[in-house]
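A.B. asks: This structure is in structure tokens; I'll ask about it shortly.
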Amino acid sequence: MLAERVDVVIGVDTHKHTHTAAAVTPTGAVLESLTVAADRSGYQKLAAFGARHGDRRLWAIEGTGTYGAGLTSLLVALDEPVVEVDRPVRTARRSGAKSDEIDAARAAREALSRDHLGVPRGRGEREAIRVLLTTRAGAIEARTAALSALHALVTTAPEQLRQRLRNLPTGALVRTCTGLRTSQRHSSEHFATVMALRSTARRILACEREAAELEHQLEALVRQIAPTLLEQVGIGPVVAGQLIASWSHRGRVHSEAAFAKLAGVAPLPASSGLTVRHRLSRMGDRQLNRALHTVVLVRLRQDPETKAYAARRYAEGKSVREVKRCLKRYVARQLFRQLEGLDRT
């Protein structure tokens, strides 16, 4: 039990401009609270605050990868034990009782109540992969929105333009729209529509170039960290990057079962009466789940062993979803063991 290993847990409620810490005993009593600015000077004050409460201490921080990233990095550099906690479950507050000090104490008590504590994700190369993935996802999302806008513009365009563009495939439509020309001789509607089509098409191409450049940088990082991942069927730079970002480093996820739960592929019982079955989980890291789903879909199309396995399970009466669930669980186990075997910490 955590309460037997520490004399104090320091919960930290993190915000953009301030951090509030509360030192809590194993019995849940608050010893002291402190609010500081969310900058290096404030982080050092919090480190000194922790040092005043004995050597057997543990930091429980909300948002170690967001608002608490700076504080977490400093504490890890000082060899302080740090765990990550989600926003604590808040009880009903009819009286309106709510403050940063209360939330900081809740963070500490949340850590004391847990059987398994989350270690903060690593920085460095792992964080580099995460920001590339996030930015690429933003570029893809912007491209998708721009494509929808382009099709909408074609639908409502003047008849002459609409007849020219309406039946073109998406790629040809984008290329054609980037080269559209107009002049003041056309009507104001025609002129404005051509300008909008051209601008939107060029935005699509810009997003595609941005996504391709980010994916190239992502692949270079993945090859440095885990080149063997890219040798697996169904795993490209984006999927491999997401696997590394979610896993983070050896020892953070304590078992393959915990990794499966993190990925949302741990089987959940869904039996009733004489029917014994499991269903797909909807919990966990949804981006990691999406990466595993991509691997399974590719292997179902391209990998003979996966095809044979699926055929056997279909013959047993399994549904498509159940077969995919089984495959996701298998892939999670395989990839977790491979990630834990990397020569990195």
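Taken together, the values in this text are just the output of simple stated rules run on the coordinates, not laboratory data. Every value quoted in this text rests on a predicted model; they were computed, and no experiment measured them. With ideal geometry, Cβ positions are generated from the backbone for all residues, glycine too; neighbour counts draw on all protein chains shown.
A.B. asks: For the chain, what does the helix formula give at 222 nm: sum of -39500 (n - 2.57) over DSSP H segments with n ≥ 4, over the residue count, nearest 500 deg cm²/dmol?
C.D. replies: The helix contribution divided over the chain gives -18000 deg cm²/dmol.
A.B. asks: Rounded, prolate or oblate for the stretch 2-113? Axes are the square roots of the Cα gyration tensor eigenvalues, ordered a ≥ b ≥ c, and the cut-off for rounded is a/c under 1.5.
C.D. replies: Oblate, because a/c is 1.5 or more while a/b does not exceed b/c.
A.B. asks: Specify the residue with the greatest mean-square fluctuation among LEU288, LEU297, LEU262, computed from a Gaussian network of the chain linking alpha-carbon atoms under 10 Å apart.
C.D. replies: LEU297
A.B. asks: Continuing with this model, one more query. Springs between alpha-carbon atoms under 10 Å, Gaussian network over the chain: tell me which of ALA192, ALA60, ALA257 tops the mean-square fluctuations.
C.D. replies: With Cα springs under 10 Å in the chain, the top fluctuation among ALA192, ALA60, ALA257 is at ALA192.
A.B. asks: How large is ³J(HN,Hα) for each residue in the stretch 240-251, as worked out from phi by the Karplus curve 6.51 cos²θ - 1.76 cosθ + 1.60 (θ = phi - 60°), to whole Hz, x for Gly and Pro?
C.D. replies: Listing the rounded values in order: 4, x, 5, 4, 5, 5, 6, 6, 6, 7, 4, x Hz.
A.B. asks: Rounded if a/c is under 1.5, else prolate if a/b is larger than b/c, else oblate: which is the stretch 143-200, with a ≥ b ≥ c the root eigenvalues of its Cα gyration tensor?
C.D. replies: Prolate, because a/c is 1.5 or more and a/b exceeds b/c.
A.B. asks: Less than 20 Å apart at the alpha-carbon level, and either on another chain or at least 8 residues along: which lysines does that give for LYS261?
C.D. replies: In chain and number order, the partners are LYS324, LYS328.
A.B. asks: For the stretch 327-342 and the stretch 115-139, what is the centre-to-centre distance using only Cα atoms, to the nearest Å?
C.D. replies: When both Cα centres are located, 19 Å separates them.
A.B. asks: Between rounded, prolate and oblate, where does the stretch 175-280 land on the alpha carbon gyration tensor, with a ≥ b ≥ c its root eigenvalues, rounded for a/c under 1.5, else prolate if a/b exceeds b/c?
C.D. replies: Verdict is oblate for the stretch 175-280.
A.B. asks: Further question on the same structure: Could you please rank ASP79, ASP285, placing first whichever residue has the fewest other Cβ atoms within 10 Å of its Cβ?
C.D. replies: The order, fewest Cβ neighbours first, is ASP79, ASP285.
A.B. asks: Output wanted: per-residue J couplings in Hz (rounded whole) for the stretch 297-311, from phi through Karplus 6.51 cos²θ - 1.76 cosθ + 1.60, θ = phi - 60°, x for Gly and Pro.
C.D. replies: After applying 6.51 cos²θ - 1.76 cosθ + 1.60, I find 4, 5, 5, 5, 8, 10, 9, x, 5, 5, 4, 5, 4, 4, 4 Hz.
A.B. asks: Neighbour counts of other C-beta atoms within 10 Å: give me CYS207, CYS177 arranged from fewest to most.
C.D. replies: Ascending number of Cβ neighbours within 10 Å: CYS207, CYS177.
A.B. asks: Among all the lysines, which ones have a C-alpha under 21 Å from LYS16's C-alpha, if same-chain residues fewer than 8 places away are not counted?
C.D. replies: LYS45, LYS98
A.B. asks: Using a 10 angstrom cutoff on alpha carbons, build the Gaussian network for the chain and name the most mobile of SER99, SER199, SER183.
C.D. replies: Per the Cα network of the chain with a 10 Å cutoff, SER183 tops the list.
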